[in-house]
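These notes concern the structure reproduced below.
The values are calculated or read from the model by the stated rules, or taken from the named source; none is laboratory data. Bear in mind that the values here come from a model prediction, so they are computed numbers and not experimental data. Cβ placement follows ideal geometry from the backbone for every residue including glycine, while neighbour counts extend to all protein chains displayed. Only protein heavy atoms, including side chains, enter the accessible area calculation; ligands, DNA and RNA are left aside. Shrake-Rupley method; radii C 1.70, N 1.55, O 1.52, S 1.80 Å.
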Amino acid sequence: MHVGYIQTLPSWGLPAENLTAVVDAIRQARRIGTSADLWVLPELFSTGYLFADRDEAASLCEPIPDGPTVTALISIAMRERTAFVAGVAERAPDGRLFNSAVAVDSTGIIALYRKAHVFGNERRWASPGDLPFPVVTLAGARVGIMICFDWRFPEAARTLALGGAQIIAHPSNLVLPNCPDAMVTRALENGVFTVTCDRVGSEDHAGQQATFIGRSRIIGPDGKILSDGPADRPFCDVVEIDPARADIKRLAGGNDLFLDRRPDLYRP
Ligand code: ACM
């Protein structure tokens, strides 16, 4: 299968414009003979990242799956015969707001995940996620989802891998420099493919400032970097992978990444 990412420079508060940028990137890729069965998009790709407070965030959050962004992603998936994992600002039926990600394909929404490890000023508006780390069949592979800062907690990727994920889709808005390297370890220690899709640019909003580091990456189960995006500009890349490679947890020398675990000793 082919997996790809679309590293964007979102326009704050303009979901329709940000969706158009995604469609343009997919069409541009097609013009040069490239397409992906699964595209990963950044965290909060349709809204931008910094919100002054809960009220401002609420004005841009959407119900899932019936809001305009997820509805549009499903239409694009139908038209382009593809699937997406994308970060979306969610307004839940009970009024809580979440920094969420969806998996969608041409049949509709396949998974919803709400960011477990809410980062920094996201706490001004987002409730901590209350759903399990999902692993779903998408584009013929078993795909797990985590969002950005979840990388800093190895349990997130481990939970997805133990749940059977072959690919970890990782929508991100990275501000710390360490994640691209850390994801090599996350892929290697779990024997999975990882697709981190970051954004670029800066936001200066309501007394908050963030600069995003780009450097989206696709990494193989052996820790090999298969795609390495630039730090400073929108970029899109596609890699052909065999997801079944992630089912092999055997290591050279007769060890096994999962069977040799010692959960009986894994406590403080
Ligand atoms: C982050 O979790 N967006 C840094």
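Plugging the Kirkwood radius over Cα pairs into Stokes-Einstein for segment 119-268, at a temperature of 4 °C and a viscosity of 1.567 mPa s, what D comes out in µm²/s? Numbers along the way, then the final one.
Numbers: Rh = 16.4 Å.
Answer, rounded: 79 µm²/s.
Can you give the helix-only mean residue ellipticity at 222 nm for the chain, where every DSSP H stretch with n ≥ 4 adds -39500 (n - 2.57) and the sum goes over all residues, rounded to the nearest 500 deg cm²/dmol? Kindly include the intermediate steps, with their values, before the conclusion.
On the way: 5 runs with 58 residues, N = 268.
So the helix-based figure for the chain works out to -6500 deg cm²/dmol.
State the answer as a single residue: which of Pro180, Pro234, Gly120 lies farthest towards the positive end of the charge dipole of the chain, with beta carbon charges of +1 for Lys and Arg and -1 for Asp and Glu, about the Cα centre.
Pro180
So for Asp37, Asp228, what's the accessible-area order with a 1.4 Å probe, most first? Intermediate results must be reported in sequence, preceding the final value.
Details: Asp37 60, Asp228 85 Å².
Correct descending sequence by accessible area is Asp228, Asp37.
I'd like the accessible area for Asp242, computed on protein heavy atoms only with a 1.4 Å probe and all protein chains in place. Round to 10 Å², please.
90
Amide H of Ala231 versus every other amide H placed in the peptide plane: which residues, excluding those fewer than 5 positions away on the same chain, fall under 5 Å?
Arg215
Could you tell me whether segment 97-170 comes out rounded, prolate or oblate from its Cα gyration tensor? Rule is a ≥ b ≥ c as square roots of the eigenvalues, rounded for a/c under 1.5, then prolate if a/b exceeds b/c, otherwise oblate.
Working: a/c = 2.61, a/b = 1.42, b/c = 1.84.
Oblate is the answer for segment 97-170, as a/c is 1.5 or above yet b/c matches or exceeds a/b.
If one computes P(r) from the Cα atoms of the chain, what percent of pairs lie at distances over 26 Å? Let's see the in-between values first.
Numbers: 12773 of 35778 pairs.
Considering the chain, 36 percent of its Cα-Cα pairs are separated by more than 26 Å.
Could you give each residue of segment 141-157 its phi-based ³J(HN,Hα) in whole Hz, using Karplus coefficients 6.51, -1.76, 1.60 with θ = phi - 60°, and x for Gly or Pro?
So the Karplus estimates, Gly and Pro as x, are 10, 8, 10, x, 10, 9, 10, 5, 4, 4, 4, 6, 10, x, 4, 5, 5 Hz.
Name the residues of segment 244-268 whose amide N is less than 13 Å from a point 7 angstrom out from the Cα of Leu162 along the C-beta direction?
It comes to 258-267, nothing else.
Could you work out how far the C-alpha centroid of segment 122-139 sits from that of segment 43-70, in angstrom?
14
Would you work out which of Gly163, Val200, Phe153 lies farthest towards the positive end of the dipole of the chain? Charges go on Cβ: Lys and Arg +1, Asp and Glu -1.
The residue sitting farthest along the positive end of the dipole is Gly163.
Tell me, what HN-Hα J-couplings in whole Hz come from the Karplus equation 6.51 cos²θ - 1.76 cosθ + 1.60 at θ = phi - 60° for each residue of segment 166-172, using x for Gly and Pro?
Result, ordered by residue: 9, 10, 9, 8, 9, x, 9 Hz.
Could you give each residue of segment 196-205 its phi-based ³J(HN,Hα) in whole Hz, using Karplus coefficients 6.51, -1.76, 1.60 with θ = phi - 60°, and x for Gly or Pro?
9, 10, 9, 10, 10, x, 10, 10, 10, 8
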